[in-house]
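Worksheet: the structure to be examined is printed underneath.
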Amino acid sequence: MGSEKKRTSTISNNRNLSASGEAFHDRKLAQSEPDLEHVENMDSHDNPKSPTRIKQAQLKLHKHWRRFWCCYLVAVVIFLAIFLPVFFLVAIPAIAQRIVDDTDLPIYGAQILNPKPDRVSFTLHTSLDVPLGLRIRTDPFDLRLFDRNISPTDPYITVGLPTYSLKGKTDMIITRNDTRILNQGQFVETLTRAVYNEKFTLSAKGSTVGHLGALKAPLTLNKDVELNGLNKLSGFSIQSARLLFPNESNGNNLVGTANLPNHSVFTFALGNVTLNLKSVNLTIGQATIENVVLRPGNNPVSLKGTLDIDTVLDNLEDMLAAQKSALEDGDVELSASGNSTVYDGIHIDYYEEILNNLTLTTRIPILEVLGDTLQGLLDNKNSSLGNVLRNVTSILGDLTASSDISNAARSLRVLI
């Protein structure tokens, strides 16, 4: 009896424990279900793409705008009040200046004419290319030419430019007569580099006001332009030369033609240029080229002068020794250096300073000189030596054409 009671009690306890465990599990499950439903609801509200979320955001934005629109309007007005002056006073001038900085200043030609000791007539042919279809009108301004390698950079020539309306590529031809040379040292230095070098740099600077419709912008043109130089007149040649017998009334006994090459785009009016003629380092005469205008390209010129025969004869042995290489080729080497440059009867010091230090060397075929000299004598009816040569030529012609050789020989002996 006691054992059965104990067994019944045990079973009953086990059933109670099982029932309580099931009840606990059911309660946990019931508690967890609302949480899951809450998480699902939270996920649906946090999705920014859900229609409810977007509609709520629009409503909030609309309410915010109705409440604070006047504040935003004031902010925009303040922004424009600050931005627009900065744009027109800073941005527009900066853009216009950048266009000028990026624009090339090509030099198509230049002229230095009518030289005087302190003035020249100056012409410059250039262009400016304004991009983007813009039209810019410039106020008149002074274009200053200077040497950037010399400090201080004082202009040596200032050229006044008129008003220009620039659109696309605009040609600019500037001519100024009697332009004053402001700094002769820098002017000579620039010309020297132009004459002696294959390339040289021309620097130019000027400031003006550019008008883009109703807008104005200060503009500064500051350019370095590389140009071809004269390269020491490389290619200089004396194409023909002959001696005169007798001398002309002014003492000239030498005439000829020469070529002065100009590899640059500059034209120089030099006037009457007198050159020292040299054999090696010995001055043996002078030649003058009148009314020289050195244009781009080859410049054929006529020269007249004197050859000092006595000096040549006194130094003939040394000259022959020094000219051995040229003589072996059948040539005679001749050099020319500047002596004087005179324009309208006035010495041009800055040209003389440059040309007097320049030496041009060429070779002349000896047979051509002799042939031109003989031809000149034959053509000169006032020369006694020419008359002799003409008679000799006539007699030799008769000698070759006549069978009576004895008569021709007697005529030649009488002439001699």
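Where a number appears in this text, it was derived from the coordinates with a stated rule and is not lab data. Nothing here was measured: the structure is a model prediction, and the numbers come from that model. Counting neighbours? That spans all protein chains shown, and the Cβs are built from the backbone with ideal geometry, glycine included.
Data for the structure
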read-out	value
Sorted by Cβ density within 10 Å, fewest first, the residues Val77, Val369	Val77, Val369
Extension gain, Asp102 back to Ala214 (0.36 nm per residue minus Cα-Cα distance, nm)	38.0 nm
Neighbour-count order for Arg66, Arg363, Arg180, fewest beta carbons within 10 angstrom listed first	Arg66, Arg180, Arg363
Extended-chain gain in nm, criterion 0.36 nm per residue less alpha-carbon gap, Ile150 and Glu317	55.3 nm
Extension gain, Ile95 back to Ser234 (0.36 nm per residue minus Cα-Cα distance, nm)	45.6 nm
Sequence-distant residues sharing a close amide H with Val332 (under 5 Å, placed H)	Ile364, Ile366
Ranked packing of 149-157, 235-243, most packed first, by mean Cβ within 10 Å	235-243, 149-157
For the range 188-205, 3J(HN,Hα) per residue [Karplus equation, 6.51 cos²θ - 1.76 cosθ + 1.60, θ = phi - 60°, Hz, x = Gly/Pro]	5, 4, 5, 5, 4, 5, 5, 7, 8, 10, 6, 10, 8, 10, 9, 9, 9, 8
Calculated from backbone phi, Karplus (6.51, -1.76, 1.60) coupling profile of the range 309-317 in Hz, x at Gly/Pro	4, 4, 5, 5, 5, 5, 10, 4, 5
Sequence of Thr175, Thr288, Thr190 once ranked by neighbouring C-beta atoms within 10 Å, starting from the fewest	Thr175, Thr288, Thr190
